[in-house]
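Only one structure is covered here, and it is reproduced in the block below.
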Amino acid sequence: MTRIFSGIKPTGHMTLGNYLGAVRQWTEVDQHRGEALFCVVDLHALTVEHDPARVLRLSRQVGTLLLAAGLDPAGCTLFVQSHVDEHARLSYVLECTASDGEMRRMIQYKEKTVQAQAAGESVRLSLLTYPVLMAADILAYGASEVPVGDDQTQHVELTRDLAVRFNQKYGQTFVVPRATRPTVAARVMDLQDPASKMGKTTVGTGGVVFVLDEADVVRKKVMRAVTDSGSGAVEYDREKKPGVANLLEVLAACGGGGTPEELAGSYASYGALKKDVADAVVEVLRPVRERHAELAADPGYLDGVLREGAARARAMARPTVDAAYRAIGLMPAG
Ligand code: TYM
């Protein structure tokens, strides 16, 4: 059976980008297609300046939202990364497989280093080694598929490289995984800055729609989205009209009834397009928000799901990580 693994960081509130680019595929497709594991990757949230209480709060919120979005704990494994020691255990061994140069080439490392330096913050060493921990997340479970948005492609490629290198040097140990992406909305852009990805940690610009935003907030954000200066025809052109293209992709992903190209032809004005995008997004998010409110009222339920998930995950990861330790030359405990 296909083993599937993916994760989400509790660094901010879940966005429409997270939902359309990843989470919705997990709930609608992946959990029914194979043996699937989904992880709240809290260790990854410590790679940049963080507030411990906030990370804790967001970890619970993300877990609750994944259930609200439709993950079924009877059909998949939902757990928190720090509850399963195998991730950190394997990460070190993979650090001994990766090179300093390949880590420094990671786009997210370069981008976040610039951001940290601009904010006068020091760059944590864990930001550099982060993609290795991500590789460990995936390889520990022998996952062959990793459903992610576009921005994670390079990290999954690195994971493949490390798996192949390790297998060649030390013997067949890891499954070599591949990334899978949604057909539309694999990279939802910021509504105020369509050149940038819609990201959880962008502050206060109104360009990010959060899954838990109230309907009127969603509407306001969409209606104020940057399109382009011309009042020309509604066209799907990512290069020349990135704002409009983004709205068309979001609409297509939210059941607008066609591909972005097809939808473009049915609008005479940007205003009409925005109104339909706002309606579609509100309707897609409404059930998730409602279910989240119900589940949040019973935190014991989430705790139980995560406890069982961690136990299952540990049992799955342990043999592979033990095999990697033996293959690389570490002495088994007597
Ligand atoms: P994270 O937490 O940034 O994002 C979670 C998922 O959401 C996708 N995503 C988007 N998709 C479309 N448009 C966007 N604007 C957008 N923003 C985010 C991401 O591609 C991702 O699939 N490094 C990962 C977390 C991780 C992981 C893993 C993923 C850690 N270990 C192992 C897969 C397997 C991350 O930062 O995701």
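The values are calculated or read from the model by the stated rules, or taken from the named source; none is laboratory data. What you see is a predicted model; the values in this text were computed from it and never measured. We place every Cβ from the backbone using ideal geometry, glycine too, and count neighbours over all the protein chains shown.
The residue list Cys96, Cys39, Cys76 contains one member that is modelled with pLDDT of 95 or more and surrounded by fewer than 20 Cβ atoms within 10 Å (Cβ to Cβ), which is Cys96. For the stretch 159-183, which positions are near the ligand (Cβ under 10 Å from one of its atoms) and aliphatic (A, V, I, L, M)? Result: Ala179, single match.
Quick check on Val156: is it more than 23 Å from Arg326 (Cα to Cα), assigned to a strand (DSSP E or B) and within 8 Å of the ligand (Cβ to nearest atom)? Considered against the rule, which asks whether it is more than 23 Å from Arg326 (Cα to Cα), assigned to a strand (DSSP E or B) and within 8 Å of the ligand (Cβ to nearest atom), Val156 comes out as no.
Taking the condition in contact (Cβ under 8 Å) with a residue 40 or more places away in the chain, assigned to a helix (DSSP H, G or I), away from the ligand (no atom under 12 Å from the Cβ) and within 13 Å of Phe38 (Cβ to Cβ), does Gly63 pass?
Criteria met by Gly63.
Condition check: modelled with pLDDT of 95 or more, among the aromatic types (Phe, Trp, Tyr), in the same structural domain as Val321 (by TED's automatic domain parsing) and assigned to a loop (DSSP other than H, G, I, E, B). Does Phe174 satisfy that? It is true that Phe174 is modelled with pLDDT of 95 or more, among the aromatic types (Phe, Trp, Tyr), in the same structural domain as Val321 (by TED's automatic domain parsing) and assigned to a loop (DSSP other than H, G, I, E, B).
The number of residues in the stretch 43-53 that are within 14 Å of the ligand (Cβ to nearest atom) and in a helix (DSSP H, G or I) comes to 4. Restricting attention to the stretch 208-228, the residues that are more than 22 Å from Pro287 (Cα to Cα) and either not in a loop (DSSP other than H, G, I, E, B) or not assigned by TED's automatic domain parsing to the domain that holds Ser269 (or both) total 0. Note on the stretch 116-150: residues that are away from the ligand (no atom under 13 Å from the Cβ), in contact (Cβ under 8 Å) with a residue 24 or more places away in the chain and not in a loop (DSSP other than H, G, I, E, B) total 2. Inside the stretch 17-42, residues that are aliphatic (A, V, I, L, M), closer than 28 Å to Glu121 by Cα and near the ligand (Cβ under 9 Å from one of its atoms) make up a count of 1.
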